[in-house]
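First up is the structure itself, then whatever we jot down about it.
The values are calculated or read from the model by the stated rules, or taken from the named source; none is laboratory data. Keep in mind that this is a model prediction, so the values were computed, not measured. Cβ sites come from the backbone with ideal geometry, for glycine too, and all protein chains shown count toward neighbours. Quick note on the areas: whole protein, heavy atoms, side chains included, nothing else; ligands and nucleic acids left out. Shrake-Rupley method; radii C 1.70, N 1.55, O 1.52, S 1.80 Å.
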Amino acid sequence: AVLVESLAVFAMALLVHVAVWDRYSWCALALALQAFYVQFKWDRLLQLGGAVFQFRAAANSGLLPASMVTPLLGILLKERCRAAGIIPGEHLGVVVASSGMLVALFLSLIAVGVTKPVPTNTCLVAGAAGSLILYTMKHSLAVSEVIEVLELLLIFIYLSMILLYLLPRCFTPGEALLVLQGLSFVLNQLIKRSLNVVEGRGEPIDFFLLVAVVGVVLLGLVFTVLFLFLDSGTWVSSLFFHMMTAVLGLGVIMPWLYRLIQRNPLLWLLQFLLQTQTRVYLLVYWTFLAALACGMVFYQNTKRSSESKKHQASTVTRKYFHAIVVATYVPGLIYDQQLLHVAAVLCLALFIFLEYVRYFRIKPFGQTLRHLLSLFLDERDSGPLILTHIYLLLGMSLPVWLFPRACAPKGTLAGAGALVPYSGVLAVGVGDTIASVFGSTMGEIKWPGTKKTFEGTMTAIFAQIIAVALILIFDSSVNLNSSYAWILASVSLVSLLEAYTTQIDNLLLPLYLQIMFMA
């Protein structure tokens with residue numbers, strides 16, 4: 001299974017560099033080769049319990065697929081912005097690609113360093129790849145870019161030590177790499193923009209994303225420290241939780257956002273949400289879907305009898321929520337992507353806040369949330385946090401948030417790149433859902449070394465092609481411009497990756513489909 005997963009990742013990396021080749025391409029391919037070798041050392045450490053932190057069981061390390069995401073995204077962002085003549089975007093792409101390579105190399109060196117006896121061949125491969133990457137960076141990066149890359153590496157190391165200690169068994173090494181890279185980049189960008197505020201520079205919705213992510217993470221760290229000394233399940237602690245949330249929100253997050261966007265954040269948000277009639281209709285429609293999702297949670301819990309406390313929701317039942325998410329995102333992608341961008345940020349902050357309430361058992365809803373959500377747990381929720389629903393939201397939202405709007409041509413978008421914002425809908429909302437439903441109900445031929453079925457993968461590919469055709473019909477801004485073979489190859493490789501990966505597919509698949517469409 002690991003070999004086929006690696007083969008799919010190698011194939012996508014090679015296709016990307018066939019389409020976009022520059023001086024960083026050799027570095028990316030060398031990084032992929034050393035990650036392939038090192039991930040077997042990580043797998044052995046996980047099996048023997050010799051890893052530095054406690055990682056999620058019943059999954060491999062996922063080092064190779066996670067290591068390639070950020071470098072490939074950075075290279076493609078750099079090329080897109082260079083073609084559009086956007087110099088700041090080009091520099092940002094260089095920093096993203098370089099920091100992604102260094103962070104992945106750092107994670108590889110940890111595995112090599114703690115493996116006994118020292119794996120000589122793996123050390124040679126990792127050393128050669130590291131030397132090539134450092135040599136290329138030395139002759140390519142400006143001094144300011146080197147400083148920013150080192151800042152990102154330092155933030156990543158500190159966040160790793162804090163979050164992996166506080167959240168045991170919540171991630172595999174690959175998942176931790178993706179999540180912590182994202183948090184490191186968001187924190188670094190927020191610090192940079194806060195220190196260099198220029199009125200009218202940057203879009204408020206981008207600042208909104210940065211402040212919301214850093215704010216909810218900061219909130220979690222504060223309460224984790226506080227509840228080491230307090231019993232979080234009492235009414236006094238719960239009242240203190242809500243008061244501190246209000247203080248941090250109104251006393252830290254709101255002023256921070258005000259400094260960045262130069263206006264009252266609440267008034268800006270209200271004006272933004274009610275700016276057009278289309279936005280009002282979308283908000284009403286999304287409210288109805290949210291109520292429907294909550295109703296499904298309550299209905300499924302009423303079906304759980306007292307005799308079957310260990311009963312868990314079936315795969316088909318869990319995929320109902322994927323269908324609701326697709327129904328949520330598609331109208332937003334067609335009619336107002338900026339509104340979808342902001343609404344997804346608000347939902348992410350709300351989901352994480354509710355997870356804090358559940359985890360700390362904050363009254364009056366903490367215990368209720370624990371009971372309601374326990375029905376939907378699966379083997380991937382082995383740590384103290386329930387993250388699968390947050391990963392689903394991230395998988396659908398990341399292509400919208402990471403879409404390089406400044407480097408995209410105005411008006412109709414041509415080629416497979418026009419489908420970049422739809423990557424989450426196609427990979428998770430359509431492909432993963434159809435593969436799970438058809439594979440679990442009608443699949444008979446299993447892929448070697450995995451529980452996934454051939455029928456599920458084929459129906460997923462077919463369903464995604466049908467979805468692309470429907471997008472062409474309903475979204476007039478999309479023009480594929482005869483790139484159908486590339487789209488078919490992209491969808492097929494990502495579906496093969498879905499069949500063989502043991503990582504969180506809600507997070508990994510949309511990123512790889514976005515990479516293929518951007519190329």
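Ranked highest first by the average count of other Cβ atoms within 10 Å around their residues, in what order do 67-80, 28-41, 224-237, 353-366 fall?
67-80, 28-41, 353-366, 224-237
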In the chain, taking the dipole from +1 charges on Lys and Arg beta carbons and -1 charges on Asp and Glu beta carbons about the Cα centre, the listed residue (Val52, Val18, Gln271) farthest towards the positive end is Val52
Heavy atoms of the protein only, probe of 1.4 Å, neighbouring chains included. What is the accessible area of Met254 in Å², nearest 10? 50
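Per 0.36 nm of contour for each residue apart, how much would the distance between Thr120 and Leu218 grow if the chain were fully extended, relative to their Cα-Cα spacing?
Working: separation 98, 0.36 × 98 = 35.28 nm, distance 4.12 nm.
Roughly 31.2 nm would be gained on extension.
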So, taking all protein chains as they sit and a 1.4 Å probe, how much accessible area belongs to Ile487, in Å² rounded to tens? 10
Relative contact order as a percentage, the chain, C-alpha pairs under 8 Å and 6+ apart, gives 19
Computed P(r) (all Cα pairs; the chain; 20 Å bins; percent): 21, 59, 20, 0
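Find the Rg to Rh ratio for the range 220-345, where Rh is the Kirkwood radius over alpha-carbon pairs and Rg uses the same atoms. Can you show the working numbers first?
Numbers: Rg = 19.8 Å, Rh = 18.4 Å.
Ratio of gyration radius to Kirkwood radius for the range 220-345: 1.07.
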Non-local residues with an amide H under 5 Å from the amide H of Lys446, with H modelled 1.01 Å from N and Pro and chain starts lacking one, are Phe454
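Å³ per residue of the Cα convex hull, for the range 99-224? List each step's numbers first, then the result.
Numbers: hull volume 15.5 nm³, N = 126.
Convex hull of Cα atoms, per residue: 123 Å³.
With only Lys, Arg, Asp and Glu charged, each at its Cβ (+1 for the first two, -1 for the last two), find how big the charge dipole of the range 1-198 is about the Cα centre; round to the nearest 20 debye.
Working: 12 positive and 9 negative charges, 38 e Å.
The dipole of the range 1-198 has a size of about 180 debye.
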Which one, Ala469, Gly366, Val400, is farthest towards the positive end of the dipole of the chain when Lys and Arg carry +1 and Asp and Glu -1 on their Cβ? Gly366
For Ala290 paired with Leu470, estimate the spin-label separation in nm (one decimal), with each label point 7 Å from Cα along the Cα-to-Cβ line. 2.4
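I want the local charge near Leu369. Using Cβ-Cβ distances under 10 Å, sum +1 for each Lys or Arg and -1 for each Asp or Glu among the other residues. Could the numbers behind the result be given before it?
Numbers: positive: Arg358, Arg361, Arg370; negative: Glu355.
Counting the neighbours of Leu369, the net charge comes to +2.
Expressed as a rounded percentage, what relative contact order does the range 88-225 have, with Cα pairs under 8 Å and six or more residues apart? Mind dumping the intermediate values first?
On the way: 54 pairs, mean separation 35.6, N = 138.
Normalised by residue count, the contact order of the range 88-225 is 26 percent.
Local charge sum around Glu79 (other residues, Cβ-Cβ under 9 Å, Lys/Arg +1, Asp/Glu -1)?
Values: positive: Lys78, Arg80, Arg82; negative: Asp22, Glu90.
Surrounding charge for Glu79 is +1.
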Please give the length that would be gained between Thr315 and Asp22 if that part of the chain were fully extended, namely 0.36 nm times their separation in residues minus their C-alpha to C-alpha distance (nm, one decimal). 101.2 nm
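Roll a 1.4 Å probe over the protein chains and send me the accessible area per residue for the range 1-198 in Å².
Working: 8370 Å² over 198 residues.
Ligands and nucleic acids excluded, the result is 42 Å² per residue.
D for the range 1-198, whole µm²/s, Stokes-Einstein with Kirkwood Rh over alpha-carbon pairs at 20 °C and 1.002 mPa s: what number?
Details: Rh = 17.2 Å.
It comes out at roughly 124 µm²/s.
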In the chain, what cysteines have no partner Cβ closer than 4.7 Å? Cys27, Cys123, Cys170, Cys294, Cys347
How far is it, in nm, from the label point at Leu154 to the one at Met244 when both lie 7 Å from their Cα along the line to the Cβ? 2.8
Per DSSP H run of n ≥ 4, the term is -39500 (n - 2.57); total these for the chain, divide by its residue number, and report the mean residue ellipticity at 222 nm rounded to 500 deg cm²/dmol. -24000 deg cm²/dmol
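So, with a 1.4 angstrom probe, what is the percent of accessible area on the range 1-198 that is carbon and sulfur? List each step's numbers first, then the result.
On the way: 5880 of 8370 Å².
After summing per-atom areas, the C and S share lands at 70 percent.
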Given +1 on the Cβ of Lys and Arg, -1 on the Cβ of Asp and Glu, and no further charges, what dipole in debye does the chain carry about its Cα centre, rounded to the nearest 20? 640
Looking at Ile445, Thr502, Gly431, which one has the Cα that reaches farthest to the positive end of the dipole of the range 356-502 (charges on Cβ: Lys, Arg +1; Asp, Glu -1)? Thr502
